[in-house]
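Undergrad: Supplied in structure tokens, the structure appears directly below.
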Number of protein chains: 2
Amino acid sequence: MSGGGLGRTETQRVVLFDEGDPLVLESGARLAPVEVAFETYGTLDEDRANAVFVCHALTGDAHAAGHHGDPARRGWWDRLIGPGRPIDTDRFFVVSPNLLGGCQGTTGPSSVNPATGRRHGLEFPMFSVRDLVTVHRRLLGFLGIERLHAAIGGSLGGMQALQWALDDPQAMRRCAAICASARLSAMNIAFSTVAREAILRDPGFQGGAYHDTGWGPNIGLAVARMMAHITYLSEESFARKFGRARRVEDAEPGLGPDFEVEHYLHHQGASFLARFDALTYLYLTRTMDYFTPFEEPGAADRLGGNPTSFLAVSFSSDWRFGAEHSEHLVGELQRGGCDARHVAVTSPWGHDSFLLDVPEYHEAVRAFLAGGEERRAAA
Amino acid sequence: MSGGGLGRTETQRVVLFDEGDPLVLESGARLAPVEVAFETYGTLDEDRANAVFVCHALTGDAHAAGHHGDPARRGWWDRLIGPGRPIDTDRFFVVSPNLLGGCQGTTGPSSVNPATGRRHGLEFPMFSVRDLVTVHRRLLGFLGIERLHAAIGGSLGGMQALQWALDDPQAMRRCAAICASARLSAMNIAFSTVAREAILRDPGFQGGAYHDTGWGPNIGLAVARMMAHITYLSEESFARKFGRARRVEDAEPGLGPDFEVEHYLHHQGASFLARFDALTYLYLTRTMDYFTPFEEPGAADRLGGNPTSFLAVSFSSDWRFGAEHSEHLVGELQRGGCDARHVAVTSPWGHDSFLLDVPEYHEAVRAFLAGGEERRAAA
């Protein structure tokens with residue numbers, strides 16, 4: 001069904017905003033320079049009409065597909081992107097950047113501010129999903145692409161795709177928001193605030209100036225990650241993966257890790273520290289809390305005539321952004337007269353389903369990106 | 001429907017085990033002295049047959065009903081216990097102790113070990129739900145009660161009632177386990193392990209010897225409590241209570257608390273520090289993880305002929321110990337030939353429903369404790 005996947009891929013970097021042409025955020029704040037790390041896969045057609053823009057989720061990066069030298073360690077969406085895969089690199093030119101505010105090559109709060117010679121830290125301005133999209137649009141301009149075939153992303157990635165299509169009706173033919181939300185619930189915000197507090201209250205956080213001190217909010221960030229990781233899975237996936245298995249079946253009961261699920265979460269917390277930054281975690285989670293594109297003044301009016309085709313996919317066991325979030329999102333689009341469809345996929349793997357091999361989901365993405373052409377061919 | 005409630009109540013203390021007669025734990029470890037804090041409500045009949053034993057949950061205490069001087073601050077189960085209430089103090093003599101390992105008057109890891117003159121700390125032995133019951137049984141002996149009318153508890157409290165009825169078929173006529181579990185799921189354990197890690201990794205924990213240092217794992221305990229508190233509520237209860245309301249509607253976006261749900265959780269974390277001890281939190285959560293009464297060797301055989309009537313109550317929105325936990329518990333009892341019934345109550349308030357005014361639940365408890373008599377009277 002899918003091809004052999006991409007081979008070696010690499011991350012590029014480009015400065016998209018500089019002192020003479022700073023990034024102007026929705027808040028009015030200005031930021032420069034803004035460098036963006038990105039990867040591309042596949043080939044841009046001569047008419048530059050086959051680009052698919054991939055937006056990553058909270059802890060993703062530009063490395064969505066292929067590998068950087070070790071074929072066993074592949075990009076976070078390698079299951080979806082590649083020759084013959086749902087985001088088919090035989091057909092599409094795929095662009096995948098690290099987000100503004102990120103910590104994997106794109107300018108974020110842990111980047112050095114050239115004006116001061118110090119890392120931005122908590123002086124980094126708050127930014128919105130719209131600001132993430134502003135940077136995406138600049139990257140697209142740099143690549144010489146005027147209109148996308150599609151933008152697609154999961155979770156926070158879906159929010160970016162949605163915001164982009166709402167703000168610029170001509171930006172793309174298709175917009176796919178996978179297990180995304182257009183309005184976090186109180187419980188969503190609750191989990192995020194506890195994660196943030198674990199980081200902010202960690203003495204190692206040092207008011208955000210922890211870099212270069214040999215110390216940092218590692219306890220808080222690991223606890224935040226372990227907790228969040230629970231919310232990405234489901235009762236069923238936990239039961240299937242771990243049940244009540246213990247690492248040492250007849251170990252003495254104690255307070256430290258004993259059950260396999262505990263060892264797994266400890267590993268998740270520890271490995272996260274090696275690849276992620278606490279400030280980025282704070283900023284990006286907060287950006288999600290404030291994302292309410294349909295509640296902006298005039299939002300409903302602006303939907304009329306938007307020619308974009310929208311797809312929302314939800315997963316039955318996702319209790320972070322479950323079906324009700326996609327229903328709300330698609331409902332708002334449909335009420336505004338847009339072409340929008342919600343595919344509710346049955347999957348036991350919770351929110352993380354968007355990263356996994358869930359055939360019904362992969363087929364929905366494949367068919368959506370292929371658009372009407374395949375349907376005509378099949379008729 | 002319910003009476004005016006109890007007036008002023010008070011906590012008593014009694015030493016139930018001492019050096020000459022130590023508490024022998026299931027592990028073989030010995031512990032002395034063991035002092036127990038408890039309250040009683042109502043009057044013990046002359047035939048001493050009207051006692052109802054109340055077992056508290058993770059963060060409860062002996063003060064289940066009435067008040068200690070401020071009528072606005074009432075015991076944690078005051079809605080259920082009192083004259084005319086489901087656990088009717090006009091009819092029953094109610095006994096409510098603080099658990100072994102607790103921090104509200106009963107000996108626990110933060111108590112001073114007279115052998116060393118220091119607090120037990122992490123040298124406090126691990127204990128089981130069966131050990132909690134061993135102490136309950138001694139308290140009952142002290143009160144001169146041979147057989148209970150009923151034992152009842154919610155969550156960890158229900159586990160104690162269940163263990164007690166399984167270990168001693170003559171101990172009680174009725175056993176009510178409200179939103180309890182006889183086998184925590186991997187996801188249940190996952191939340192508990194993250195809470196414990198937040199405490200254990202907090203530098204203020206100091207290997208458990210934080211008392212009397214002017215410092216403690218306050219960050220970890222507050223984070224643990226905030227996270228656990230989310231799991232006690234439900235999407236719907238969060239939505240109803242808070243929605244997306246902000247404390248200051250046009251505040252500048254920032255990383256600190258802004259939405260009402262954030263302020264609420266912060267308050268929950270802070271107020272918990274004033275009344276609870278981190279070591280007790282570690283030990284009691286761990287005791288729950290290891291509770292699997294039906295998986296002990298010979299457990300199924302021992303069920304035969306147990307004359308106790310069992311009631312399990314679950315709440316539809318409880319995603320901590322939901323209906324599947326009560327179904328499992330009741331299923332095991334029924335397969336063993338016991339009289340056991342599961343009442344699945346519709347309630348939007350999540351796990352915390354067991355503390356709240358949920359009429360169907362209150363009526364189920366009332367009818368169960370009243371037993372056959374009321375049914376005959378109604379016929």
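Undergrad: Considering only the range A:311-329, I want to know if a residue exists there that is of a type in the set (A, V, I, L, M) and closer than 17 Å to A:Arg130 by Cα. Walk me through it before giving the result.
TA: Of the range A:311-329, the ones of a type in the set (A, V, I, L, M) are A:311-313, A:323, A:329.
Subsequent filtering for residues that are closer than 17 Å to A:Arg130 by Cα retains A:329.
Among the residues of the range A:311-329, at least one is of a type in the set (A, V, I, L, M) and closer than 17 Å to A:Arg130 by Cα, which makes the answer yes.
Undergrad: Does the range B:293-309 hold any residues that are farther than 29 Å from B:Leu356 by Cα and open to solvent by less than 40 Å² (accessible area, probe 1.4 Å), and which are they?
TA: B:Phe294, B:Gly298, B:Ala299, B:Leu303, B:Asn306
Undergrad: Residue by residue through the range B:246-262, note down the ones that are surrounded by 12 or more Cβ atoms within 10 Å (Cβ to Cβ) and facing chain A (nearest Cβ under 9 Å).
TA: B:Pro253, B:Leu255, B:Gly256, B:Pro257, B:Asp258, B:Phe259, B:Glu260, B:Val261, B:Glu262
Undergrad: Which ones in the range B:299-320 are under 22 Å from B:Leu369 (Cβ atoms) and either charged (D, E, K, R) or assigned to a strand (DSSP E or B) (or both)? Show your work before the answer.
TA: Filtering the range B:299-320 for residues under 22 Å from B:Leu369 (Cβ atoms) gives B:306-315, B:318.
Result: B:Ser309, B:Phe310, B:Leu311, B:Ala312, B:Val313, B:Ser314, B:Phe315, B:Asp318.
Undergrad: Select from the range B:281-298 the residues that are more than 15 Å from the chain's Cα centre (by Cα) and assigned to a loop (DSSP other than H, G, I, E, B) and write down the one among them that is farthest from A:Val248 (Cα to Cα).
TA: Going residue by residue through the range B:281-298, those that are more than 15 Å from the chain's Cα centre (by Cα) are B:290, B:292-298.
Now drop any that are not assigned to a loop (DSSP other than H, G, I, E, B), which leaves B:290, B:292, B:296-298.
Numbers: B:Tyr290: 14, B:Thr292: 17, B:Glu296: 18, B:Pro297: 19, B:Gly298: 23 Å.
Checking each candidate, the answer is B:Gly298.
Undergrad: From the list B:Arg174, B:Arg138, B:Arg91, exactly one residue is touching a residue at least 12 places away in the same chain (Cβ under 8 Å), in the same structural domain as B:Leu303 (by TED's automatic domain parsing), open to solvent by 20 Å² or more (accessible area, probe 1.4 Å) and part of a strand (DSSP E or B). Which is it?
TA: Values: B:Arg138 fails: part of a strand (DSSP E or B); B:Arg91 fails: part of a strand (DSSP E or B).
Answer to the selection: B:Arg174.
Undergrad: When the range A:321-359 is examined, which residues are found to be in contact with a Gly (Cβ under 7 Å, 6 or more places away or on another chain), in a loop (DSSP other than H, G, I, E, B) and either open to solvent by less than 30 Å² (accessible area, probe 1.4 Å) or of a type in the set (Val, Ile, Thr) (or both)?
TA: A:Gly336
Undergrad: Output the residues belonging to the range A:310-320 that are away from every other protein chain (no Cβ under 14 Å) and open to solvent by 30 Å² or more (accessible area, probe 1.4 Å).
TA: The initial filter retains those residues of the range A:310-320 that are away from every other protein chain (no Cβ under 14 Å), namely A:310-316.
Hit for the range A:310-320 is A:Ser316, nothing else.
Undergrad: Examine the range B:155-165 for a residue that is part of a helix (DSSP H, G or I), touching a Gly at 6+ places or on another chain (Cβ under 7 Å), open to solvent by less than 40 Å² (accessible area, probe 1.4 Å) and polar (S, T, N, Q), and state whether such a residue exists.
TA: yes
Undergrad: Which of the residues belonging to the range A:62-74 are open to solvent by 10 Å² or more (accessible area, probe 1.4 Å) and assigned to a loop (DSSP other than H, G, I, E, B)?
TA: Residues satisfying the conditions are A:His63, A:His68, A:Gly69, A:Asp70, A:Pro71, A:Ala72, A:Arg73.
Undergrad: Exactly one of these conditions fails for B:His68: (1) free of Cβ contacts under 8 Å to residues at least 60 places away in the same chain; (2) under 27 Å from B:Thr280 (Cα atoms). Give me its number.
TA: It is condition (1) that B:His68 fails.
Undergrad: I would also like to ask the following. Please go through the range A:267-287 and give me each residue that is buried (at least 19 other Cβ atoms within 10 Å of the Cβ) and closer than 18 Å to B:Thr193 by Cα, ordered by number.
TA: Residues satisfying the conditions are A:Gly269, A:Phe272.
Undergrad: Still on this structure: Can you tell which of B:Arg183, B:Arg196 is within 23 Å of A:Leu233 (Cα to Cα) and open to solvent by less than 20 Å² (accessible area, probe 1.4 Å)?
TA: Numbers: B:Arg183 fails: open to solvent by less than 20 Å² (accessible area, probe 1.4 Å).
After applying the criteria, what remains is B:Arg196.
Undergrad: If you don't mind, there's one more thing I want to ask. Out of all the residues in the range A:192-202, is one or more under 18 Å from the mean Cα position of the chain (by Cα) and not charged (D, E, K, R)?
TA: yes
Undergrad: Tell me which of these A:Tyr290 doesn't satisfy, since it passes every other one: (1) open to solvent by less than 20 Å² (accessible area, probe 1.4 Å); (2) over 30 Å from B:Ala29 (Cβ atoms); (3) within 9 Å of chain B (Cβ to nearest Cβ).
TA: Among (1) open to solvent by less than 20 Å² (accessible area, probe 1.4 Å); (2) over 30 Å from B:Ala29 (Cβ atoms); (3) within 9 Å of chain B (Cβ to nearest Cβ), A:Tyr290 violates only (1).
Undergrad: Check B:Phe272 against each of (1) farther than 20 Å from B:Trp319 by Cα; (2) within 10 Å of chain A (Cβ to nearest Cβ); (3) within 23 Å of the chain's Cα centre (by Cα); (4) of a type in the set (A, V, I, L, M, F, W, C) and name the one condition it does not meet.
TA: (2)
Undergrad: Another question about this same structure. Kindly provide the set of residues from the range B:235-245 that are more than 8 Å from every other protein chain (Cβ to nearest Cβ) and of a type in the set (Gly, Ala, Ser), ordered by number.
TA: B:Ser237, B:Ala245
Undergrad: Taking the condition of being under 22 Å from A:Cys103 (Cα atoms) and open to solvent by 10 Å² or more (accessible area, probe 1.4 Å), how many residues in the range A:32-57 meet it?
TA: Kept after step one, since they are under 22 Å from A:Cys103 (Cα atoms), are these residues of the range A:32-57: A:32-41, A:53-57.
From the residues that got through so far, the ones that are open to solvent by 10 Å² or more (accessible area, probe 1.4 Å) too are A:32-33, A:35, A:40, A:57.
Counting residues in the range A:32-57 that are under 22 Å from A:Cys103 (Cα atoms) and open to solvent by 10 Å² or more (accessible area, probe 1.4 Å) gives 5.
Undergrad: Tell me whether the range A:209-226 contains one or more residues that are crowded, with 18+ Cβ neighbours inside 10 Å, within 7 Å of chain B (Cβ to nearest Cβ) and within 28 Å of B:Ala323 (Cα to Cα). Full working, then the answer.
TA: Within the range A:209-226, the subset crowded, with 18+ Cβ neighbours inside 10 Å is A:210-211, A:216-226.
Right, trim to within 7 Å of chain B (Cβ to nearest Cβ) and you get A:219, A:223, A:226.
Checking which are within 28 Å of B:Ala323 (Cα to Cα) leaves us with A:226.
Yes, there is a match, as at least one residue in the range A:209-226 is crowded, with 18+ Cβ neighbours inside 10 Å, within 7 Å of chain B (Cβ to nearest Cβ) and within 28 Å of B:Ala323 (Cα to Cα).
Undergrad: Still on this model: List pairs: first residue in the range B:256-269 and assigned by TED's automatic domain parsing to the domain that holds B:Ile230, second residue part of a helix (DSSP H, G or I) and of a type in the set (S, T, N, Q) anywhere in the structure, Cβ distance under 7 angstrom, at least six positions apart or on different chains.
TA: Every condition considered, the pairs that remain are B:Pro257/A:Thr193; B:Glu262/A:Thr193; B:Leu265/A:Thr193.
The values are calculated or read from the model by the stated rules, or taken from the named source; none is laboratory data. Computed from a predicted structure; not experimentally measured. Glycine gets a Cβ as well: all are built from the backbone with ideal geometry, and neighbour counts include every protein chain shown. When the accessible area is computed, the model is the full protein with side chains, heavy atoms only, and any ligands, DNA or RNA have been set aside. Shrake-Rupley method; radii C 1.70, N 1.55, O 1.52, S 1.80 Å.
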